[in-house]
Amino acid sequence: MAARLSTREDYASLLDKYDTWLFDCDGVLWQGDKLIDGATDVLQLLRHHKKSVLFVTNNATKSRKNYKKKFDSLGVEAHVDEIYGSAFASAVYISSVMKMSKDKKVYVIGMAGLEEELDEEGIAHIGGTDPEDNTLENFSLAKWTPDPSVGAVLCGLDTSINYTKLSKAFNYLLRNEGCQFLVTNEDSTYPTAEGLLPGAGSVSAPLRYALGREPVAIGKPKSTMLDCIKAKHNFDPKRTIMVGDRLNTDIEFGKAGGLSTLLVLSGITKESEITGPNASPTVPDYVTGSIGDLRALIS
């Protein structure tokens, strides 16, 4: 059973036990463009106590550099090398794990942030934000010439998803058995300040259904994201805690990596999912209302 945190002593014990703090962003530090109350105070507190602070997000719509701009605009201290997104992890996976040949290209269903991270890794790509693919015109195979150099399809959250993108991605995967099917993450929903929207997992669902094939997922809860972090940061898993709002991504990610986990109830997961007869089998180590609760240590 998860330990409920409520007293100053509870939070003081947490501060003492963990040297490295990994934070999800959406639903933990902010909702849309609105900060969670107290988030900046708590991050400053952790830095004051010489804790390592890292940000781990499945949102692939922004590159790390653009995420840094969002942190800046919200008044949150963050450095590019502290930010790990599924767009970055996907690019690293393609270049370092798949070792995709330089003469191959990736067909992208996704947004500019995903393309920027591919560019940083020197990975050629088509699709994505290309105006030719961002159209509501009818798609016709007769009028389309596939690019024979496409060696992978990478699908992330795409708020301009359309039939043309799905059709091209589907055909690259259908016609070429060697074409890799990758998704940045499998989040079913995406939290905004106004409520939930379909997430990256929902965007890729038509392809999975049409192909009868499951993709390789890069983001949380998969180990690929943690491998990216380990490659850049030394930390002791036993003194590291993952703070998130989602059981099937953040908490499972932490557990799979041998980290402790803190669930905050300021985002996706609701109280009914962790208590009662319909509770999830995924159990965090600790639960609190929001990250702002740790301000009890400041007073």
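The values are calculated or read from the model by the stated rules, or taken from the named source; none is laboratory data. Since this is a predicted model, take the numbers as computed values, not measurements. Backbone-built Cβ (ideal geometry, glycine too); neighbour counts: all protein chains shown. Ligands, DNA and RNA are stripped out before the accessible areas are found, and what is left, the full protein with its side chains, is counted by its heavy atoms. Shrake-Rupley method; radii C 1.70, N 1.55, O 1.52, S 1.80 Å.
Helix-only estimate, please: 222 nm mean residue ellipticity of the chain, summing -39500 (n - 2.57) across DSSP H runs of length 4 or more and dividing by its residues, to the nearest 500.
Rounded to the nearest 500, the figure is -8500 deg cm²/dmol.
Relative to the present Cα-Cα distance, how much length would full extension add between ALA256 and TYR209 at 0.36 nm per residue of separation?
Extending this stretch completely gives an extra 14.2 nm.
Using a 1.4 Å probe and counting only protein heavy atoms, arrange HIS79, HIS48, HIS233 so the residue with the most accessible area comes first.
Heavy-atom accessible area, descending, gives HIS48, HIS79, HIS233.
Let me test this: with uniform point scatterers at the alpha carbons of segment 1-114, what is the Debye-based log₁₀ I(q)/I(0) at q = 0.12, 0.13 1/Å?
-0.54, -0.62
Quick one: angle between helix 39-48 and the longest Cα principal axis of the chain, in degrees between 0 and 90, rounded to 10, please.
Taking the Cα atoms of the chain, the angle to 39-48 is about 70 degrees.
Strictly greater than 28 Å: what percent of every Cα pair in the chain meets that?
Here the long-distance tail beyond 28 Å is 38 percent of all Cα pairs in the chain.
If you plug each phi of segment 155-163 into the Karplus form 6.51 cos²θ - 1.76 cosθ + 1.60 with θ = phi - 60°, what whole-Hz ³J(HN,Hα) values come out, in order, with x for Gly and Pro?
10, x, 5, 9, 7, 10, 4, 8, 5
So what's the Cα pair-distance distribution over segment 82-146, bin width 5 Å, in %?
Going out from 0 Å in 5 Å bins, segment 82-146 shows 4, 15, 26, 21, 14, 11, 7, 2, 1, 0 percent.
Mind giving me the nanometre distance, one decimal, between the label points for LEU196 and THR275, set 7 Å out from Cα along Cα→Cβ?
For the pair LEU196/THR275, the computed spacing is 2.0 nm.
Shape verdict for segment 100-217, please, from the Cα gyration tensor: rounded (a/c under 1.5), prolate (a/b greater than b/c) or oblate.
rounded
Going by alpha carbons, how many degrees (0 to 90, nearest 10) lie between the helix axis of 200-211 and the longest principal axis of the chain?
Around 40 degrees separate the two axes.
Using a basic spin-label model with each label point 7 Å from the Cα along Cα→Cβ, how many nm lie between LYS232 and SER96?
0.9 nm
Describe numerically, in nm with one decimal, the distance between label points set 7 Å from Cα along Cα→Cβ at ASP72 and at SER140.
4.7 nm
Please compute, for the alpha-carbon atoms of segment 58-120, the extent along each of the three principal axes and give them in descending order in Å.
The Cα atoms of segment 58-120 stretch 41, 20, 17 Å along the principal axes, largest first.
Counting only the heavy atoms of the protein chains, how much of MET100 is accessible to a 1.4 Å probe, in Å² to the nearest 10?
30 Å²
Counting Lys and Arg as +1 and Asp and Glu as -1, what is the net charge of the other residues whose Cβ lies under 9 Å from the Cβ of ALA200?
Value of the local net charge: -3.
Would you check the accessible area of ILE268, probe 1.4 Å, heavy atoms only, in square angstrom rounded to 10?
30 Å²
Can you give the FRET efficiency to the nearest 0.05 for ILE298 and THR159, using r as the Cβ-Cβ distance and R₀ = 22 Å?
The computed FRET efficiency comes out at 0.05.
Calculate the dipole size of the chain relative to its Cα centre from +1 charges on Lys and Arg beta carbons and -1 charges on Asp and Glu beta carbons; express the result in debye to the nearest 20.
That gives a dipole near 500 debye.
Checking the a/c ratio against 1.5 first, then a/b against b/c, what shape does the Cα gyration tensor give for segment 161-257?
Oblate is the answer for segment 161-257, as a/c is 1.5 or above yet b/c matches or exceeds a/b.
What FRET efficiency do you get for THR7 and ASP119 if R0 is 45 Å and r is their Cβ-Cβ distance, rounded to the nearest 0.05?
0.40
Using Cα atoms only, what is the angle between the long axis of helix 8-17 and the major principal axis of the chain, expressed in degrees (0 to 90) to the nearest 10?
60 degrees
Where does the Debye-calculated log10 I(q)/I(0) of segment 197-299 sit at q = 0.17, 0.24, 0.25 Å⁻¹, using only Cα point scatterers of equal weight, no solvent?
-0.93, -1.25, -1.28
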